[in-house]
Amino acid sequence: MKLQILVPYHDEPVSMIKNLLDSIAIQVKVDFSEIGVIIVSDGHFDAFDRFCEWTDLTNAYPFFIEIYEKSHEGVSAARNFALDHATAEYIMFADADDMFYKVNGLWTIVREINKGFDAMISQFYEEWKHPDTGEFFFVEHKADSVFVHGKVYRLQYLKENGIQWNNALTIHEDSYFNTLATNLSTNCKYLQNGFWLWRYNENSVCRHDKKYLLKTYINMIDSNEALIEEFLRREMEDKASFYSSLMILEAYYNMNKADWINEDNAEYRNATEKRLSEYFHKYEFLWNKCPEPERMKISEALRARNIKEGMLFESIGFPEWLQHIKSLAE
């Protein structure tokens with residue numbers, strides 16, 4: 001088998017995941033005997049009749065679908081379970097509310113698989129709904145290495161290098177896995193023509209809660225810390241230095257955005273800054289090891305991106321902000 005698509009299932013309606021399976025079924029120029037789907041329920045198949053509904057659904061498609069149920073441990077553990085049961089040459093992860101948006105998407109993936117790679121990052125689209133008009137629009141993600149969407153990996157590469165999801169991470173968990181997987185190989189590919197859509201889901205907390213990032217930035221720091229520890233465990237201090245410096249600088253520019261400066265969100269800012277202070281004191285030695293020219297390059301790229309995302313001017317200079325962060329742990 002060439003490719004298996006691994007899908008963690010929480011409590012989404014069958015109609016939602018049917019959209020994903022339908023988008024696979026209409027792919028052109030594909031031998032479906034080379035394609036498989038693994039769906040892992042994270043402890044949510046409670047009724048036998050619902051399981052039967054899924055069983056009937058899987059029989060309706062030209063590709064092989066495997067369904068597993070496991071105890072509830074979170075999305076990372078569900079993906080690891082699917083990874084352990086995968087047998088194809090290559091795998092890709094999908095969420096239940098994802099889908100192909102081009103009918104030649106699978107053909108594109110198989111074409112690149114035939115050329116060979118360890119990891120492939122592709123452009124993908126994110127669907128949003130305008131809060132005032134209700135109209136849908138799309139956000140383009142180019143060469144994104146954070147989100148799970150549109151990534152394909154060679155299974156044996158992951159196994160040989162012991163690359164798995166961190167079961168302790170259930171929020172911002174994909175940045176850990178994707179960053180690790182794309183940094184342990186020189187055989188990575190970036191595909192500019194996208195084929196994947198991250199659909200808008202009304203029930204997704206990261207879509208309907210405008211303060212989601214404010215509330216979960218601490219989880220993002222946790223994810224980065226897990227990544228740093230893994231790099232250090234693998235004696236890759238240069239990578240640990242780069243990504244810890246990236247975390248500090250990214251936090252600085254994010255906290256210069258209006259939402260973070262708004263006094264109504266002071267509780268989230270204070271809690272995040274305290275967590276950042278603990279983080280910086282733990283990894284200050286890595287910050288000091290990162291060459292100044294590299295830090296400047298990171299900073300320039302992040303500043304340009306954050307200006308596009310709505311940051312106007314920094315309300316506080318970086319040296320002053322860093323001193324403030326450091327003082328919180330004293």
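Details
- Contact order normalised by residue count of region 175-292, Cα under 8 Å, 6+ apart, percent: 27 percent
- Taking only the alpha carbons of region 149-255, we obtain Rg and Dmax values of 15.3, 43 Å in that order.
- Candidate lysines for bridging to residue 18, where Cα separation is under 20 Å - those fewer than 8 sequence places away on the same chain excluded: 102
- Only Lys, Arg (+1) and Asp, Glu (-1) charged, at Cβ; region 43-148 dipole about Cα centre in debye: 420 debye
- Here the ratio of the Cα radius of gyration of region 256-330 to 2.2 N^0.38 Å is 1.19.
- Over all pairs of different C-alpha atoms in the chain, the reciprocal of the mean inverse distance, the Kirkwood hydrodynamic radius, equals 21.3 Å.
- Average 1/r across all pairs of distinct alpha carbons in region 40-171, invert it, and you get the Kirkwood radius: 17.1 Å.
- Loop chymotrypsin sites (Phe, Trp or Tyr not before Pro), region 223-330 (other Cβ atoms within 10 Å of the site Cβ: 16 or fewer; DSSP): 313
- In a DSSP loop and with at most 15 other Cβ atoms within 10 Å, the GluC sites (Glu not before Pro) in region 157-255 are 202, 235.
- The chain - share of DSSP beta bridges that are antiparallel (%, nearest 5): 40 percent
- Calculated accessible area for region 4-128 comes out at 39 Å² per residue, all protein chains present (probe 1.4 Å; ligands, DNA, RNA ignored).
- Expressed to the nearest 5 percent, the antiparallel share of DSSP beta bridges inside region 36-191 is 50 percent.
- Computed over protein heavy atoms with a 1.4 Å probe, the accessible surface of region 177-266 works out to 43 Å² per residue.
- Centre-to-centre separation between the Cα atoms of region 90-106 and those of region 219-250: 29 Å.
- For region 150-194, the percent of C-alpha pairs falling in each 10 Å distance bin, counted from 0 to the bin holding the largest distance, reads 23, 55, 22, 1.
- The portion of the accessible surface of the chain made up by carbon and sulfur, rounded to a whole percent, is 51 (1.4 Å probe; DNA, RNA and ligands excluded).
- Principal axis box of region 178-330, alpha-carbon based, largest edge first, Å: 46, 42, 26
- When the P(r) of region 213-262 is calculated, the portion above 16 Å amounts to 44% of the C-alpha pairs.
- Mean ellipticity per residue at 222 nm, deg cm²/dmol - from DSSP H runs of n ≥ 4 across the chain, formula -39500 (n - 2.57): -15500 deg cm²/dmol
- Given 151/282; 129/211; 239/289; 282/326, the pairs whose alpha carbons are separated by over 21 Å: 151/282
- Sorting 184, 197, 328 by solvent-accessible area of protein heavy atoms yields 328, 184, 197, largest first, with a 1.4 Å probe.
- For region 119-205, the square roots a ≥ b ≥ c of the C-alpha gyration tensor eigenvalues yield an a/c of 1.5 or more together with a/b not exceeding b/c, which makes the shape oblate.
The values are calculated or read from the model by the stated rules, or taken from the named source; none is laboratory data. A quick note: this is a predicted structure, and the numbers were derived from the prediction, not measured. Neighbour counts run over all protein chains shown; Cβ positions are idealised from the backbone, glycine included. In case anyone asks, the SASA skips ligands and DNA or RNA and just uses the protein heavy atoms, side chains included. Shrake-Rupley method; radii C 1.70, N 1.55, O 1.52, S 1.80 Å.
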